[in-house]
Structures are given as C-alpha cells and as structure tokens.
Amino acid sequence: MEEKKEYGQGILFTVTNYIYWFLLTNIYFILMNSVFLFFFMTLQPSFSNILLYFLALIPSGPAIAAMCYSMEKLVRTKELSPTRDFFEGYKKNLKDTFSIWLPMLVICFILLVDFHYFRQSPSHISQIGSTILVVLLIMWTMVMLNVLVINARYKFRVRDLFRLSIYYGFTKVKQTTGNLLILFIVGVITASTTNFFILFTGSVIVFLIVLNMKAVFADIEDHFLVTPSKGKQSRA
C-alpha cells in the first residue's frame, strides 16, 4: 500500500497528470473556439476585418470562462476531470459570461477603432491620443482578466464584479503586474513564432494567471463573501 501511495504521489505521476489535464482542456478550448478559428484562418489579418473578428469572438466568451473555471479548480484542488469540469464550467457560466463578455468586447472594439483612427494622423494631438488609448487598453485588459477569473470562482452581480476587478487591479499591484507580464511574454513569443501559440498553450497561460491571483481569492474570502441571503455566495 505504501509503494502504491508513493507512486501515486510521485513527481513523474503528477507531471503526467498535469500534461494530460492541460492537453485535454486545451483541445476542448480549441473546439469551442472553432468559429473564431475559422475566421482567423480565412480572413486576411487587416484592420478592415475588425468587425468580423469582433463577431467571431462573441461565442468565445463561454469557452474562456470554462477554461478559467477548470484552471481555478486545478489550482485550488490540484485535481481536475477535464471533460466534466470544462463543460460544467461552460454551462454554469454561459448566461453570466455573455452579460460580462459582450460589454468587454464592445469597449475593446471602441478603443481599438479609436486607436486606429489616431494612428492615421501624424499630428502631435494624435500621438497623445494614441498614447492615452494604449494606457486605457492596458488598464481595460487588467480589468478583463480580473473579471473573467473572479467570475470563474464566485457569483457576484455584474456591477459588483466590475467594481471588485477594478479595485483589485489597483490594490493588488503584484498580481496585476504579474498578469500583464504573463500576457507580455505570451505576446512576444507569439510575435516571434506563430499566432496559434496562444490557442495551443491557452490552458497553461490561464493556469499561470489563476495561480498568480491566489492572493486575490484569499482577500475576497476574507472581506467580500457573506451569506447567500445577502446577495452573494461562493461557487465552491
């Protein structure tokens, strides 16, 4: 019995499990993003196609939520049933995800369109405007990450979810910087390799982001979770 226990807790056993969990979850993630992949592979990468990309990304929200749900469970319990957990997260977050994903996409779309508009003009005002929009895009990305990850673990009203995400974006500087650094590194690798890098390593990327946000979860547990009768409850 002791030998079996040691084998089940060994490094090789654990690493093999994680590879299997990451791989299978990532396969599901790719399948559920098939609409975006179709447009991504068939459309020319041009700003003129941004509206089509926007529409293609709408169904991707629940897939991202399911990935966050799965990776949060893996970080918290160190166990995962990829098929059951991914699709459980997909179904659980389907309605809530669209209520937060669509506004996030719309704001991203507006910021990117405005950024492209300013970049068309070499004037000093346009350069200032471009810089401001880059800062706003970075800040909005920070909020989006917090929203998606927090929503994967807890059930809050939409406005409270965004308030918490903004709050932690500025109070948990270490976690915010860590998340942005992860995205920066992913962007650099993607630019130097292939655009499909994010898709095929999505589970690992989300796992690292969720792992980085453990301090945020702990603070939510301590300060913002109350009884369900008061309107909020954990998704444990």
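The values are calculated or read from the model by the stated rules, or taken from the named source; none is laboratory data. Note that the structure is a prediction, hence the values are computed from the model and not measured. Cβ atoms come from the backbone with ideal geometry, glycine included; neighbour counts cover every protein chain shown. Surface accessibility is based on the protein's heavy atoms, side chains included, excluding ligands, DNA and RNA. Shrake-Rupley method; radii C 1.70, N 1.55, O 1.52, S 1.80 Å.
Give me a count of the residues in segment 61-98 that are under 20 Å from residue 15 (Cα atoms) and of a type in the set (Gly, Ala, Ser).
Total meeting the criteria: 2.
Just checking, does segment 132-155 include any residue being of a type in the set (Lys, Arg), loosely packed, with under 13 Cβ neighbours inside 10 Å and assigned to a helix (DSSP H, G or I)? Give the steps one after another, and end with the answer.
Filtering segment 132-155 for residues of a type in the set (Lys, Arg) gives 153, 155.
Now narrow it down to the ones that are loosely packed, with under 13 Cβ neighbours inside 10 Å: none.
Checking segment 132-155: not a single residue is of a type in the set (Lys, Arg), loosely packed, with under 13 Cβ neighbours inside 10 Å and assigned to a helix (DSSP H, G or I).
Does at least one position in segment 33-52 carry a residue that is touching a Phe, Trp or Tyr at 6+ places or on another chain (Cβ under 6 Å) and over 23 Å from residue 141 (Cβ atoms)?
no
Keeping to segment 155-192, report how many residues are of a type in the set (A, V, I, L, M, F, W, C), more than 20 Å from residue 102 (Cβ to Cβ) and at pLDDT below 90.
Selection size over segment 155-192: 1.
For segment 18-28, give me each residue that is exposed (fewer than 13 other Cβ atoms within 10 Å of the Cβ) and among the hydroxyl-bearing types (Ser, Thr, Tyr).
Listed by number, the list holds a single entry, 20.
Within segment 116-130, identify whether any single residue is of a type outside the set (S, T, N, Q) and in contact (Cβ under 8 Å) with a residue 60 or more places away in the chain, and answer yes or no.
Yes.
Restricting attention to segment 79-87, does a residue exist that is under 30 Å from residue 163 (Cα atoms), touching a residue at least 12 places away in the same chain (Cβ under 8 Å) and within 15 Å of the chain's Cα centre (by Cα)?
Scanning segment 79-87, I find at least one residue that is under 30 Å from residue 163 (Cα atoms), touching a residue at least 12 places away in the same chain (Cβ under 8 Å) and within 15 Å of the chain's Cα centre (by Cα), so the answer is yes.
Being over 17 Å from residue 202 (Cα atoms) and either aromatic (Phe, Trp, Tyr) or surrounded by 12 or more Cβ atoms within 10 Å (Cβ to Cβ) (or both) is the filter here, so list the residues in segment 34-61 that pass it.
Listed by number, the residues that qualify are 38, 39, 43, 47, 49, 50, 52, 53, 54, 55, 56, 58.
Criterion first (open to solvent by 50 Å² or more (accessible area, probe 1.4 Å), touching a helix residue (DSSP H, G or I) at 6+ places or on another chain (Cβ under 9 Å), part of a helix (DSSP H, G or I) and closer than 25 Å to residue 112 by Cα) does residue 31 satisfy it?
no
Condition (residue is surrounded by fewer than 15 Cβ atoms within 10 Å (Cβ to Cβ), over 21 Å from residue 32 (Cβ atoms) and of a type in the set (Asp, Glu)) applied to segment 75-86: is it met by at least one residue? Write out each step before concluding.
Of all residues in segment 75-86, those surrounded by fewer than 15 Cβ atoms within 10 Å (Cβ to Cβ) come to 76-79, 81, 83-84.
Narrowing further to those that are over 21 Å from residue 32 (Cβ atoms): 76-79.
Adding the requirement that they be of a type in the set (Asp, Glu) leaves 79.
Yes, that holds for at least one residue.
Would you check if there is a residue in segment 106-115 being of a type outside the set (A, V, I, L, M, F, W, C) and more than 29 Å from residue 218 (Cα to Cα)? Write out each step before concluding.
Going through segment 106-115, the residues of a type outside the set (A, V, I, L, M, F, W, C) turn out to be 114.
Cutting the leftovers down to more than 29 Å from residue 218 (Cα to Cα) gives us 114.
Looking through segment 106-115, at least one residue is of a type outside the set (A, V, I, L, M, F, W, C) and more than 29 Å from residue 218 (Cα to Cα).
Would you be able to tell me the number of residues in segment 100-131 that are within 27 Å of residue 172 (Cα to Cα), aliphatic (A, V, I, L, M) and surrounded by 14 or more Cβ atoms within 10 Å (Cβ to Cβ)?
The qualifying residues number 6.
Out of curiosity, is residue 13 surrounded by fewer than 19 Cβ atoms within 10 Å (Cβ to Cβ) and free of Cβ contacts under 8 Å to residues at least 60 places away in the same chain?
Yes; evaluated as a whole, the condition is true for this residue.
Go through segment 165-179 residue by residue and tally those that are closer than 19 Å to residue 134 by Cβ and buried (at least 17 other Cβ atoms within 10 Å of the Cβ).
Qualifying residue count for the region: 3.
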